[in-house]
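To start, the structure itself, in structure tokens.
The values are calculated or read from the model by the stated rules, or taken from the named source; none is laboratory data. Everything quoted here is computed from the prediction, not taken from an experiment. Cβ placement follows ideal geometry from the backbone for every residue including glycine, while neighbour counts extend to all protein chains displayed. Heavy atoms of the whole protein, side chains included, go into the accessibility calculation; ligands, DNA and RNA do not. Shrake-Rupley method; radii C 1.70, N 1.55, O 1.52, S 1.80 Å.
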Amino acid sequence: MTLTVEDTLTLEEIVVSGYEKVVKATDAKSGLQALICLHNTAMGPALGGTRIYPYASIDAALNDVMRLAKGMTYKSALANTGLGGGKSVIIADPKKDKTEELLLSFGRAVHRLEGGYICAEDSGSTTADMMVIRKATPYVVGLPHKKSSGDPAPFTTWGTYRGIQSVLKRINGDSDIRNSTVAIQGLGSVGAKLAELLFWAGAKLIVSDIDKERAEHIAKRFGARLCAPEEILSAECDVLAPCAMGGVIHPASIARMRCRAIAGCANNQLLKDTDADELMKRGILYAPDFVINAGGLINVTEELYLDGYNPVQAQEKVHGLYDQLMMIYDIAEQNRFSTHTAAVALGDYRLKYQLGKRQIPIRLHHTDV
Ligand code: NAD
């Protein structure tokens, strides 16, 4: 006798212009309410994290997932990962609502997209959650197995460090970090490691975190000047490195800035695209966030090869973010538009001619867990 379990999961497609596929996944039994967004798969399957957050409405969740998925298309196109852009959100409180049933139900939704979308850990979700989702679908990356890429933060940190070198090269004619002043906002997984690398390279550091204890610890350890969270964006420095949250660059913060360049890992640093034009007017060089912070994405992509993850290949590519950024500054200068506009234009060009389209099919190492 075969026992069939009724799948109460439903997938409803939402048609959105400019997006390949947006689906709403609902399962009354598990309480799942999720959106999976495939912005563009011209280069390869869409890869992007699964955010778990108690959005106030489905519209708020839809706006977020669309913005994030589109961002992943450009990040991937510029980082040459041979992947497309996608993202997913589960409307739930990660502290209260996360159950195995909910995650399995989400996994089944991902599976129904037949590999068009590959999920990964993001804010509100953990590696342990991805292990649960994997029971329902192989389309998951960043799992703890022997062919996995592991923690992305060291790679994001090195990419950010290379980005800081790139802006210094542009503003000083020399990428040497020694004696430059760098102000870091946020001392978490990336910010703390960045402070350490910069310390050893001889930078003068100004640091800030809303976690006072953490900030004091890092300041003491690396001889940094401690700065109040509300003052870090206006600290006098060569390079401001936003490494906390998004939306920190806006007209009011720009007006108070006393930095010569901005190069940090935070996602979506600009509140609006036009804020990049304001930075340009003020003569502040901006390393576009979705280029400088691609180290973690580059790293995870490396586990999709037949033999699994190779840190040396990831290292080389992350190191190359310096050249990628220098090219973007050149395009911006030649066309007299912002570095953000230059990065988007380069992404559009790569997408139009499918430069960097995946040639080797991806290999998911789920059987090796
Ligand atoms: P994290 O959560 O480990 O650290 C963030 C830190 O910022 C925390 O210590 C927090 O207390 C602090 N913070 C929050 N608000 C602040 C404020 N107003 N002022 C000062 N400090 C504040 O995060 P992370 O992994 O280090 O990532 C940092 C940023 O980089 C995020 O925007 C993330 O999306 C982005 N990013 C991270 C990676 C990665 O590999 N971890 C990759 C790409 C992008």
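What is the percent carbon and sulfur in the accessible area of the range 17-80, measuring with a 1.4 Å probe over the protein chains and ignoring ligands?
That fraction is 49 percent.
Could you estimate the translational diffusion coefficient of the chain from the Stokes-Einstein equation, with Rh from the Kirkwood formula over C-alpha pairs, at 20 °C and 1.002 mPa s, in whole µm²/s? The partial results should precede the final answer.
Values: Rh = 21.1 Å.
This corresponds to a translational diffusion coefficient of 101 µm²/s.
Taking the alpha-carbon centroid of each part, what is the distance from the range 52-110 to the range 136-160 in angstrom?
17
Go through 165-176, 344-355 and give me the packing order, highest mean Cβ count within 10 Å leading.
165-176, 344-355
Would you mind getting the accessible area per residue of the range 231-314, heavy atoms of the protein chains only, 1.4 Å probe, in Å²?
Details: 3160 Å² over 84 residues.
Roughly 38 Å² per residue, with all protein chains present.
For labels at R282 and N335 in the simple 7 Å Cα→Cβ model, what's the distance in nm?
2.4
Can you compute the label reach from R178? Point 7 Å from Cα along the Cβ direction, backbone N cut-off under 12 Å, restricted to the range 207-226.
Flagged as within label range: none.
Determine the alpha carbon to alpha carbon distance for each of K70/K169; K24/K75; K272/K357; K193/K220 and list only those over 18 Å. Before the final figure, lay out the partial values.
Numbers: K70/K169 30 Å; K24/K75 24 Å; K272/K357 29 Å; K193/K220 14 Å.
Going by Cα-Cα distance, K70/K169; K24/K75; K272/K357 fall outside the 18 Å limit.
Can you tell me how the range 1-118 classifies by the Cα gyration tensor, rounded, prolate or oblate, using a/c under 1.5 as the rounded cut?
Prolate, because a/c is 1.5 or more and a/b exceeds b/c.
Counting only residues 5 or more places away or on other chains, whose amide H sits under 5 Å from the amide H of N40 once H atoms are built in the peptide plane?
E20, G85
R0 = 41 Å: FRET efficiency of Y349 with T126, Cβ-based, nearest 0.05? Mind dumping the intermediate values first?
Values: r = 37 Å, r/R0 = 0.89.
Given R0 = 41 Å and the Cβ-Cβ separation, E is 0.65.
Just flag the trypsin sites (Lys or Arg not before Pro) in the range 246-334 sitting in loop per DSSP whose Cβ has no more than 13 other Cβ atoms within 10 Å.
Counting only loop positions with at most 13 other Cβ atoms within 10 Å, the trypsin sites (Lys or Arg not before Pro) in the range 246-334 are K272, R282.
Once both axes come from the Cα atoms, what is the angle between helix 339-352 and the longest principal axis of the chain, in degrees from 0 to 90, rounded to 10?
40
Ordered by residue, what ³J(HN,Hα) values in Hz, to whole numbers, does the range 297-302 give under the Karplus form 6.51 cos²θ - 1.76 cosθ + 1.60, where θ = phi - 60° and Gly and Pro are x?
5, 4, 4, 5, 4, 5
Suppose every Lys and Arg Cβ carries +1 and every Asp and Glu Cβ carries -1, with no other charges. What dipole size does the chain come out with about its Cα centre, to the nearest 20 debye?
Rounded to the nearest 20 debye, it is 540 debye.
Apply 1/(1 + (r/R0)^6) to the Cβ-Cβ distance of D307 and A255, taking R0 = 56 Å, and write down the FRET efficiency to the nearest 0.05.
0.60
When the solvent-accessible surface of protein heavy atoms is calculated with a 1.4 angstrom probe, in what order do Y117, Y139 fall, highest first?
Listed by decreasing accessible area, they come as Y139, Y117.
Kindly express, to the nearest 10 degrees and within the range 0 to 90, the angle between helix 189-200's C-alpha long axis and the longest C-alpha principal axis of the chain.
Orientation of helix 189-200: about 30 degrees from the principal axis.
Counting only DSSP beta bridges with both residues in the chain, tell me the antiparallel percent, nearest 5.
40
Longest segment of the chain with no GluC sites (Glu not before Pro) in a DSSP loop having at most 14 other Cβ atoms within 10 Å?
232-369
Please give the net charge around V248, taking every other residue with its beta carbon less than 11 angstrom from that of V248, where Lys and Arg add +1 and Asp and Glu add -1. Could you put the intermediate results ahead of the total?
Working: positive: none; negative: D275, D289.
Charge balance near V248 sits at -2.
According to the square roots a ≥ b ≥ c of the eigenvalues of the Cα gyration tensor, what is the shape class of the range 207-322, taking rounded for a/c under 1.5, prolate for a/b larger than b/c otherwise, and oblate for the remainder?
Details: a/c = 2.43, a/b = 1.43, b/c = 1.69.
Because a/c hits 1.5 or more and a/b fails to exceed b/c, the range 207-322 counts as oblate.
Translational diffusion coefficient of the range 316-369 at 25 °C, 0.890 mPa s, Stokes-Einstein with Kirkwood Rh over Cα pairs, in µm²/s as a whole number.
The diffusion coefficient I find is 183 µm²/s.
Pairs of alpha-carbon atoms within less than 8 angstrom and 6+ residues apart define the contacts here; what relative contact order does the chain have, in percent? Let's see the in-between values first.
Working: 804 pairs, mean separation 59.1, N = 369.
Worked out over the chain, it gives 16 percent.
Helix 321-335: angle to the longest alpha-carbon principal axis of the chain, degrees 0 to 90, nearest 10?
Long axis of 321-335 versus the principal axis of the chain: about 70 degrees.
Taking amide hydrogens as modeled 1.01 Å from N in the peptide plane, which residues meet the under 5 Å criterion relative to Y55, leaving out close sequence neighbours?
It is A92, by chain and number.
When all protein chains stay in place, what accessible area (Å², nearest 10, 1.4 Å probe) is found for T99?
60
Sort 151-157, 289-295, 132-138 for me by packing, meaning the mean count of neighbouring Cβ atoms within 10 Å per residue, highest on top. Mind dumping the intermediate values first?
On the way: 151-157: 21.1, 289-295: 26.9, 132-138: 19.6.
Result, highest mean Cβ count within 10 Å first: 289-295, 151-157, 132-138.
What is the local net charge at K204, summed over the other residues whose Cβ is closer than 10 Å to its Cβ (Lys, Arg +1; Asp, Glu -1)?
Computed value for this residue: +1.
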